[in-house]
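The values are calculated or read from the model by the stated rules, or taken from the named source; none is laboratory data. This one's a predicted model, so the numbers in the text were calculated from it and none came from an experiment. No Cβ is skipped: glycine too gets one built from the backbone with ideal geometry, and neighbour counts run over all protein chains shown. For accessibility, only protein heavy atoms count, side chains too; no ligands or nucleic acids. Shrake-Rupley method; radii C 1.70, N 1.55, O 1.52, S 1.80 Å.
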Amino acid sequence: MRLAYRRENIKWDGPQSAKAARELRSDFDILHITKNSEKKRLDRQRKSSERWERNPRYRADVLDIYSSTCAVSGCTVLDAIDAAHVLGVGQHGEDKAENGIVLRADLHRLFDAEPPQMAIDPRSMTVHFSIECTGHFSAYEGREIRIPKGGPPSSAFAFHWKSFRKAHNA
């Protein structure tokens, strides 16, 4: 709530501010972050960075195949892109280039979220986002991606696509 106050340059002063908060509530998207959901997010982030440390060769190989370019956004800033697993470790995905796709870090988080907030349709190889994300990522919604030689077959995206469709009634 204090973020809302900062955006409106209103001083937070306790009880008096509670009234203002109720009045401002409709002007802001307020996300309810619980300790549990934040812990899960941080755990996913930690595991992602640990994977790089465990197998830096995987990242290098995937970046090489994709010419260090995000398959969705076209971003080429090395500090902003990740080597994402198409089939996660939980689905017996391996640290091999043929199981990788380069995604900008924010897109990678959406791809790995539970439930997935972004997925790639294996039939059309088009990118799709959850309703919650579509407005923010409309430039990429429905965009067809091309997988370079040495990357995963389109069928590798089927498991993730099925999870996405189930979660979002698509």
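For the full complex of protein chains and a 1.4 angstrom probe, list Ser68, Ser130, Ser155 by accessible area with the highest value first. Present the calculation step by step, with values, prior to reporting the outcome.
Numbers: Ser68 35, Ser130 0, Ser155 80 Å².
From most accessible down to least: Ser155, Ser68, Ser130.
At 1.4 Å probe size, what's the solvent-accessible area of Asp79? Round to the nearest 10 Å².
150 Å²
Kindly report, to the nearest 10 Å², the accessible surface of Lys39 as traced by a 1.4 Å probe over protein heavy atoms only.
120 Å²
Could you give me the radius of gyration and the Dmax of segment 99-146, taking only the C-alpha atoms into account and expressing both in angstrom?
10.1, 29
Cut-off 16 Å, label point 7 angstrom out along Cα-to-Cβ of Arg57: give me the residues of segment 83-107 whose amide nitrogen falls inside.
Residues passing the 16 Å test: 94-100.
Whose amide H sits under 5 Å from the amide H of Val72, counting only residues 5 or more places off or on another chain, with H placed in the peptide plane?
Answer set, sorted by chain and number: Arg104.
I want to check the label-to-label distance for Lys162 and Glu141. Put each point 7 Å from Cα in the C-beta direction and report it in nm to one decimal.
2.7 nm
Where does each of Leu110, Leu87, Leu78 land when they are ordered by accessible area, with a 1.4 Å probe and the largest first?
Values: Leu110 30, Leu87 50, Leu78 90 Å².
Order by accessible area, largest first: Leu78, Leu87, Leu110.
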